[in-house]
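The next block holds one structure in the form of structure tokens; read it before the comments.
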Amino acid sequence: MRTQVAIIGAGPAGLLLSHLLAAGGVESVVVETRTRDYVESRIRAGILEHSSVELLKSVGLGDRLTREGDEHRGIYLQWPAERHHIDFHDLVGRGVWVYGQTEVQKDLGRARDAAGQEVRYDVRDTQVHDPDDPYVTFTVDGVETRLDADVVVGCDGSFGPTRSVVPGRTWERTYGYSWLGVLASVAPSTDELIYAWHPDGFALNSMRSPTVTRLYLQVPADTDIGEWSDERIWDALATRLGHGQDGWKLTRGPITEKSVLPMRSLVQAPMRHSRVFLAGDAAHIVPPTGAKGLNLAVSDVALLAPALVALVREKDSRLADEYSDRALRRVWRCTHFSWWMTTMLHASGDEFDAQLQLSQLRWVASSVAGSTGLAENYAGLPIGF
Ligand code: FAD
Ligand code: DHB
């Protein structure tokens, strides 16, 4: 079997890349190790930056997003006895959208169906061979298939095989804590997200829809989820989010999903070796504070798609040669922002560290310079930044 671009991984990066390539007249085949149901129902990110939304709208993927998603002007930053609204619209003229990654996946899947795109789900033993003249092998029901391509793109997430065939340098940072994330069938207790610093640990009140709330708690890195009953989770959330403070109430409801999410930063450079490219979590991982992972996957493929169209159709390699440097510039900006939000908001270190965090939070919330920096990065920089 032969195609112009072989894409490994049908997450947001892989499916969006396939969509953008098709719009540019380039054919692709996507191979994915999981089932379609699994990919479309895994609970992950929920915030889209302004430029991600603009890109999705510009390629016909914005209808349901703008109908069912919720545009937010900003976020609340909180610490005990104080809650401050940071209004991104007032500060930088743009906001963010709450729209679950599950919904982005479904929209992408339907768009690929409508275009007759080949996505091979449920494959095994994916391997990338010969970066100079690349091909991919995988098995379906025990039968090996070979897929030859002009270019292979690894969109295979943080544990996929493609990163290992791209030599280079890796920078990594682990944090001594994780997030316990829950989904609850209850109306959100807040109109916009609350990021809360608390001596017991960070908490985040997010949402998915008018009837579904998404919440996170900082927990130790080695947390056994069995130790967290629903009641213990709600009690910790109530304390850290300030239930009862100035009349605010956290409404409890049935928890339908809970999982522990490890926190780490990783950047691999370059994001290309010969005719093999990396995009999204395959090349970089950010801790979730600041909601950058999904948005970086979108911006990588927004840069990569025109580069591959020029390479495959016109044999013009200029954009492809620039891809890694251009993508990494934005990757490092988001890596810094995610690290900054993470270290400002999570309990770690001693009393001295806590006082520094509180001082920084007060400055961010009260100074136009401080809050504009947060707003500009959170609402997102232009894709070509
Ligand atoms: P993925 O979405 O990971 O897609 C990669 C795809 O490649 C997967 O479908 C995988 O099954 C497939 N694959 C892997 N190996 C192979 C193989 N050998 N062959 C074929 N296919 C393969 N971000 C937030 O902002 N907030 C969150 O709360 C949040 N929660 C997260 C929870 C988890 C558990 C994870 C892993 C990530 C989370 N993120 C979150 C980050 C965000 O979801 C990712 O940044 C985003 O999914 C990146 O998209 P991607 O397409 O690059 O990678
Ligand atoms: C969500 C996740 C994040 O990491 C974040 O910073 C904000 C919201 C979410 O899943 O809703």
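A short reminder: the numbers here are calculations on the coordinates, not readings from a lab. On a predicted model such as this, the values are computed, not experimentally measured, just so you know. Cβ coordinates were reconstructed from backbone atoms using ideal geometry, including for glycine residues, and neighbour counts include every protein chain displayed.
Report the one residue of L278, G181, L250 whose Cα lies farthest in the direction of the positive end of the charge dipole of the chain (charges on C-beta: Lys and Arg +1, Asp and Glu -1; origin at the Cα centre). Sorting the options by dipole projection puts first L278. For the pair the stretch 323-368 and the stretch 78-110, the centres of their Cα atoms are 18 angstrom apart. To the nearest ten degrees, helix 230-241 and the longest principal axis of the Cα atoms of the chain are 70 degrees apart. Neighbours of A283, meaning other residues whose beta-carbon lies under 15 angstrom from its beta-carbon, give a summed charge of +4 when Lys and Arg score +1 and Asp and Glu score -1.
Each other residue within a Cβ distance under 10 Å of P188 adds +1 if Lys or Arg and -1 if Asp or Glu, for a net charge of -1.
Largest mean-square fluctuation among G93, G142, G181, in a Gaussian network model of the chain whose springs join Cα atoms under 10 Å apart, belongs to G142. Along its three principal directions, the equivalent ellipsoid of the chain from the Cα gyration tensor extends over semi-axes of 37, 22, 20 Å, largest first. Note on the chain: with charges restricted to the Cβ of Lys and Arg (+1) and Asp and Glu (-1), its dipole about the Cα centre is near 400 debye. If both residues of a DSSP beta bridge must be in the chain, then about 75% of such bridges are antiparallel.
Lysines near K249 by alpha-carbon distance under 28 Å, same-chain residues fewer than 8 away left out - which ones? The reachable lysines, counting only those whose Cα sits under 28 Å from K249, are K258. Given their separation in residues at 0.36 nm each and the Cα-Cα distance between them, H85 and E376 gain 103.3 nm when the chain is fully extended. Relative to the longest principal axis of the Cα atoms of the chain, the long axis of helix 101-114 makes an angle of roughly 30 degrees. Ordering 248-258, 303-313, 222-232, 277-287 by mean Cβ neighbour count within 10 Å, with the highest value first, yields 277-287, 303-313, 248-258, 222-232.
In this simple spin-label approximation, K315 and T170 carry label points 7 Å from Cα along the Cα→Cβ vector, and these lie 3.7 nm apart. Taking the Cα centre of the stretch 36-183 as reference, the dipole from Cβ charges on Lys and Arg (+1) and Asp and Glu (-1) amounts to some 480 debye.
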